[in-house]
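Student: Take a look at the following structure, please.
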Amino acid sequence: MTDNDNPIENENHSHLDNVQADTMPDALKQDDINMDSVQDSSLSTDMIEQPESKDKGGRPPHLPNADTRNKVFMLSTVGTRHEDIATVLGISADTLTKYYHDELAKGRIEANASVAETLFKQAKEGNTTAMIFWLKSRAKWKETSQHEISGNPDGTPVEVKIVTGID
C-alpha cells in the first residue's frame, strides 16, 4: 500500500468516499442538504461546484470562401491529388470533398478536356502514337493476337501459325 492509497495521508481522498449512501447519517446525504436553508455566511457560491461547460473540442468548422474555392478549382485543373489540396488548405480530405465537390469535379473535367484536346490535335496532325491511343481509349479499338495450334496425326512436328490484326 502506497502513501496515496492511505485515506488518512492522502489529502485528496475524503473519508466519505467509500461510505455507502444507506449507512451515511441523514445530515450528510446529498439529497437531504438544502443549500437555501444553510445560514452560514462563510459558505459562498464559489465553494459550490458548478458543472463545467461542455467544450466539443476538435477543429473549428471549415468555412469556404471565394479564395479557397478558386484555389481548389485551380489545383484540381492541373491534376493535384485531393489529399494534397486538403493539406494546402489545412483540412481533411473528407472536409475537402464535403465543401468543394463542385470545384473538384469541374477542375477534373476541365483538365481531362484540355489534355484530350491536345491529344486530338496531335492525332489529326499525323502523330501515329496519338492516333493509336485515341482509337484504343475513345473508339474502343484493340489489338488482338490469335494463335492456332494444330497437331499432325502422323507425329510430325506441330506447325504454329500466328495471325495478328485489328478488330
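None of the figures in this text is laboratory data; all of them are computed from the coordinates on show. No experiment lies behind these values; they were computed from the predicted model shown. Quick reminder, even Gly has a Cβ in these numbers, built from the backbone with ideal geometry, and neighbours come from all protein chains shown.
Student: Based on the Cα atoms of segment 66-138, what semi-axes does the equivalent ellipsoid have, where each is the square root of 5 times one gyration tensor eigenvalue, given in whole Å with the largest first?
Tutor: Over the Cα atoms of segment 66-138, the semi-axes work out to 32, 11, 9 Å.
Student: Here's a follow-up. How many angstrom separate the Cα center of segment 61-80 from the Cα center of segment 92-167?
Tutor: When both Cα centres are located, 32 Å separates them.
Student: Hey, for a label at Glu110 modelled as a point 7 Å past Cα toward Cβ, could you say which residues of segment 63-95 have their backbone N under 12 Å away?
Tutor: What the label zone holds, given the 12 Å backbone N cut-off, is 69-79.
Student: Is there a quick way to get the dipole size of segment 66-138? I mean about its Cα centre, with the Cβ of Lys and Arg at +1 and of Asp and Glu at -1; what is the value in debye to the nearest 20?
Tutor: About 280 debye.
Student: With a cut-off of 8 Å between alpha carbons and a minimum separation of six or more residues, what is the relative contact order of segment 66-138 in percent?
Tutor: 29 percent
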